[in-house]
Amino acid sequence: MRVLRRARPTGSPRVARVVVCLAFVSAWPAAVVTVAAPATDTPQAVVAAVAEPGPGTAGRRAPGLDLLLSRPYLPPDLDQGVFDELWTVWEERARSRAERASPEERRRLAMERYGLTPHPDDPSRSMQYVVDATGAWTMSCLACHQGQVDGRAIPGLPNAGYALETLTEEVRLVKLKQRKAFGHMDMGSLFLPLGTTNGTTNAVMFGVALMRHRAPDLSIVQRPPRFDLVHHDMDAPPWWHYRKRRSLYADGFAAKGHRILMQFLLVKENGPDKFRAWEDDFRAIERWIGSLEPPRWPWAVDTARADRGRGLFLRHCADCHGTYDAADPTRETYPDRIVDIAEVGTDRVRFDALSPRERGELNASWFGHMGEDAATMKDRESPAGYVAPPLDGVWASAPYLHNGSVPTLWHLLHPAARPAVWKRTATGYDRDRVGLEVEAFAAMPAAADGGSLAPAERRRHFDTSKPGKRASGHDFPDVLDEDDKAAVLEYLKTL
Ligand code: HEC
Ligand code: HEC
């Protein structure tokens, strides 16, 4: 199998040379099981916000959320027996600690390690995976799209703690010990990097690789043409932006709609018939995503300072990011502007990783309603740069920028002071700088023996010197002095 390499400027990321066509080959039989919803009544405080039915829902959980929590759309990734033994392959110290712990405490440690949150119906399992009656765990959209701040799960918040690569590696080791069959992620991750830093994933390239194995009507192509992949990690955007956005993704090229949300289900076990059968489910899921409200800053705000910040924001930021009005959201504006890559100056690997052809083909496929949206998307097929996103609930959605390279809003407002390498504390939230509580380093730290860190520990560090991970650019705040920056920071808490 040959994979073409695209000419690339120096410093751009490693281009995949591996046989990606084998990726996502599954050793599992295509198993789509319906779940008997467990009727335990043990919601935890941390997940209450997600699980609670919203106002006007007559006490029922939104159908879209219910589907995400209960219906598996992919083959399973692991089973309860594997999950409960993961600690046996952890590095020393973590392993001894787990060995001494009770089974409940071990599960808590495992959830913390992999960035999972307890399920509202059964806190012994995670919200990010659907678990069926046989104990099979299947990754859901919430794996990347359900996170927490300060121990509280917020609906639609990206999962800034998800350790997909570490989880997959460790699942594979435990399956070897238990002589269990590998699943599609275990195999796929041998060919495709899943994410080099916890909280960010190579999701865009999964999409490109999988799409290459499909015709426009989603029928499976047996021998896909040669193609290349520019691996890079992305931070998922908050789902509560969905209703304001005209189009999707960091460069805004994709048409909105329930079908485009199904891209992540393109494993070979899911033939075109499945996509058609699940359309109604994804209409409900899209309705739920489109109904999400940004979370409100739960702590005190210096209102005089925030008011001053509002004026500065209107003058220096609103042209790109729009205007906000918590009292009357109908008065808000959002320009949905695509800013030229040279002007915004942030990392351009994501921008260069997709060709106009790839963008066009996605919109011309079943996902883009077979080209139905093509006319409205014409101006977005070859975007000039990145979309200036809405900033609703921005206090909660750290880290910042499309690649998640900037840990707090304070650092976003101080481009020269952004850390070269940072590591977040377990689940710490930094209320002063507004974002992730982090430890900063001038360069990647070494292991105690002077060698490089073990992979699981390395992935806890965000290294901005790596391709696709630069934290530079978006220098717009530098027109402000220190006092003004403090005022804008206070105002951003209120959005
Ligand atoms: C492995 C992680 C991962 C999984 C699983 C995942 N996503 Fe995403 N999602 C992302 C990333 C990363 C982006 C940003 C891509 C970009 O901007 O180029 C994204 C973007 C999106 C967006 C666009 C938001 C915007 O404002 O542009 C929506 C909507 C979305 N995902 C829905 C879903 C749904 C529905 C599922 C399940 C069927 C899902 N995602 C599964 C990582 C994931
Ligand atoms: C010329 C347009 C433009 C101006 C002016 C501008 N921004 Fe931005 N901003 C962008 C773009 C484009 C991005 C996305 C960049 C990326 O993800 O690489 C962005 C990203 C951000 C983010 C990160 C959002 C997230 O969820 O990751 C914040 C916060 C932000 N801007 C705040 C501000 C503030 C505050 C000001 C005014 C001082 C400002 N911006 C001025 C275009 C602009």
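Separation between the residue 444 and residue 332 pseudo-spin-labels, each 7 Å from Cα along Cα→Cβ, expressed in nm?
3.9 nm
Taking K and R as +1 and D and E as -1, what net charge do the other residues with C-beta under 13 Å from the C-beta of residue 149 add up to? Intermediate values should be presented prior to the final figure.
Numbers: positive: 152, 296, 424, 431, 493; negative: 150, 430, 437.
It works out to a net charge of +2.
Expressed as a whole number of Å, what is the distance separating the alpha-carbon centroids of segment 168-214 and segment 260-323?
26 Å
Multiply the residue gap between residue 342 and residue 88 by 0.36 nm, knock off their C-alpha separation, and tell me the result in nm, one decimal place.
On the way: separation 254, 0.36 × 254 = 91.44 nm, distance 4.83 nm.
Answer, rounded to one decimal: 86.6 nm.
With a ≥ b ≥ c the root eigenvalues of the C-alpha gyration tensor of the chain, is it rounded (a/c under 1.5), prolate (a/b larger than b/c) or oblate? Write out the running numbers ahead of the final one.
On the way: a/c = 1.28, a/b = 1.17, b/c = 1.09.
Rounded, because the longest to shortest axis ratio a/c is under 1.5.
Please give me, ordered by residue number, the chymotrypsin sites (Phe, Trp or Tyr not before Pro) of segment 286-364 that lie in loop per DSSP and have at most 13 other Cβ atoms within 10 Å.
Working: sites: 288, 299, 313, 324, 351; in loops: 299, 324.
Those that pass, being in a loop and sparsely packed, are 299.
At most 15 other C-beta atoms within 10 Å and a DSSP loop state: those are the exposed GluC sites (Glu not before Pro) I care about. Give me the longest piece of the chain that has none.
On the way: sites that count: 91, 92, 332, 372.
No qualifying site falls inside 93-331, the longest such stretch.
May I ask you to list the residues of segment 369-409 whose amide nitrogen lies under 15 Å from a point 7 Å from Cα along the Cα→beta-carbon direction of residue 316?
Those under the cut-off are 409.
Run the helix sum for the chain: -39,500 (n - 2.57) per DSSP H stretch of 4+ residues, divided by residue count, reported at 222 nm to the nearest 500 deg cm²/dmol. Could the numbers behind the result be given before it?
On the way: 20 runs with 156 residues, N = 495.
Computed mean residue ellipticity for the chain: -8500 deg cm²/dmol.
Answer rounded, prolate or oblate for segment 109-224, using the Cα gyration tensor with square roots of eigenvalues a ≥ b ≥ c: rounded when a/c is under 1.5, else prolate when a/b is larger than b/c, else oblate.
Prolate, since a/c reaches 1.5 and a/b exceeds b/c.
How much net charge surrounds residue 308 when only other residues with a Cβ under 10 Å from its Cβ are counted (Lys, Arg +1; Asp, Glu -1)?
Values: positive: 305, 310; negative: 302, 307, 483, 484, 490.
Around residue 308, the surrounding residues sum to -3.
With each pseudo-label sitting 7 Å past Cα toward Cβ, what's the residue 173-residue 226 distance in nm, one decimal?
Output for this residue pair reads 3.7 nm.
Using a Förster distance of 41 Å, how high is the FRET efficiency between residue 265 and residue 479, based on the Cβ-Cβ distance and rounded to 0.05? Present the calculation step by step, with values, prior to reporting the outcome.
Numbers: r = 45 Å, r/R0 = 1.09.
Plugging the Cβ-Cβ distance into 1/(1 + (r/R0)^6) gives 0.35.
Please find the FRET efficiency linking residue 293 to residue 219, where r is the Cβ-Cβ separation and R0 is fixed at 45 Å, and quote it to the nearest 0.05. Before the final figure, lay out each step's value.
Numbers: r = 39 Å, r/R0 = 0.87.
That pair, residue 293 with residue 219, gives E of 0.70.
Take the alpha carbon gyration tensor of segment 186-242, find the square roots of its eigenvalues, order them as a ≥ b ≥ c, and report rounded if a/c is under 1.5; if not, report prolate when a/b exceeds b/c, else oblate.
Because a/c hits 1.5 or more and a/b fails to exceed b/c, segment 186-242 counts as oblate.
Segment 317-374: which trypsin sites (Lys or Arg not before Pro) are DSSP loop and have at most 16 other beta-carbon atoms within 10 angstrom? It would help to have the intermediate numbers written out before the result.
Numbers: sites: 331, 337, 348, 350, 357, 359; in loops: 337, 348.
Answer by residue number: 337.
For residue 282, what is the net charge nearby, where nearby means another residue's Cβ is under 14 Å from its Cβ and Lys, Arg count +1, Asp, Glu -1? Walk me through the numbers before you get to the answer.
Numbers: positive: 71, 256, 259, 274, 276, 283, 287; negative: 66, 279, 280, 281, 286.
With Lys, Arg at +1 and Asp, Glu at -1, the net is +2.
Quick note: the coordinates plus some simple rules give every number you see, no bench work behind them. Just so it is clear, the model here is predicted, and its values are computed rather than measured. Please note: Cβ atoms are built from the backbone with ideal geometry, for glycine as well, and neighbour counts cover all protein chains shown.
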